[in-house]
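Structure record follows, encoded as structure tokens.
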Amino acid sequence: MRDNIIYVDKQSICDQLNNHFINVGNGLADKLPKHDIDPSVYLDRTMTANSFMFRGICPTEVYDEIMSLKIDKSALDIPRKCIKHTANHIYEALSMVFNQSLLQGIFPENFKISKVTPIDNGDEEMDSFNYRPISSLSALTRIFEKLVCKLFEQAWNPIRVPIWL
């Protein structure tokens with residue numbers, strides 16, 4: 001149900017959930033306090049003692065991540081099995097794409113595409129506000145995401161070398 005209208009056919013329900021998920025972010029953003037600060041002031045590229053910079057992603061890390069893919073999981077675009085079978089031919093090129101993305105601070109447009117599945121929170125099934133979106137990403141996006149996550153973990157949890165007596 002939306003605006004006191006009950007939708008019963010699958011297409012209308014899908015359209016209403018899609019419309020809700022598309023607009024919920026804008027609705028929340030409109031509730032944020034307004035300010036006149038230009039967002040580019042936060043993009044100062046000067047390195048200081050407190051700055052953080054990713055190290056490059058090694059091609060072998062990309063290869064290992066490809067080989068750890070579970071082929072039984074769903075994929076948005078290229079089947080995971082195909083990615084694994086072509087790992088020897090694509091891992092070096094992928095590491096270059098990933099590293100350029102980190103260097104330029106630009107996330108590839110194709111990696112931003114996801115399949116959104118509405119999951120019922122257990123309340124009123126007829127109200128779209130009782131659903132949360134779960135996004136399924138492409139396998140290549142997941143690989144990049146995992147590698148970046150590992151970079152963060154390494155940066156904030158450095159290896160502590162034990163002192164041997």
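For the chain, what does -39500 (n - 2.57) per DSSP helix run (n ≥ 4), summed and divided by total residues, give at 222 nm, in deg cm²/dmol to the nearest 500? Computed mean residue ellipticity for the chain: -14000 deg cm²/dmol. Summarising the label geometry, the points placed 7 Å from Cα in the beta-carbon direction at Ile37 and Ile71 lie 5.0 nm from one another. Summing charges over all other residues whose Cβ lies under 14 Å from the Cβ of Lys150, with Lys and Arg as +1 and Asp and Glu as -1, gives -2. Residues of the range 11-31 with an amide N closer than 13 Å to a point placed 7 Å from the Cα of Ile5 along the Cα-to-Cβ direction: 12-17, 19-20. Projected label points at Asn26 and Val116, each 7 Å from Cα along the beta carbon direction, are separated by 1.2 nanometres.
The count of lysine pairs in the chain that are at least 8 places apart or cross chains, and whose C-alpha atoms lie under 24 Å apart, stands at 24.
Rounded to the nearest 20 Debye, what is the dipole magnitude of the range 91-159 about its Cα centre when Lys and Arg each give +1 and Asp and Glu each give -1 at the C-beta? Don't jump to the answer; show the numbers that get you there.
On the way: 6 positive and 9 negative charges, 94 e Å.
Dipole size: approximately 440 debye.
Sites count as exposed loop sites when they are trypsin sites (Lys or Arg not before Pro), lie in a DSSP loop, and have at most 16 other Cβ atoms within 10 angstrom; the longest stretch of the chain without one is 74-159.
Values in this text are rule-based calculations from the coordinates and carry no lab data. Model, not experiment: these values are computed from the prediction. Cβ atoms come from the backbone with ideal geometry, glycine included; neighbour counts cover every protein chain shown.
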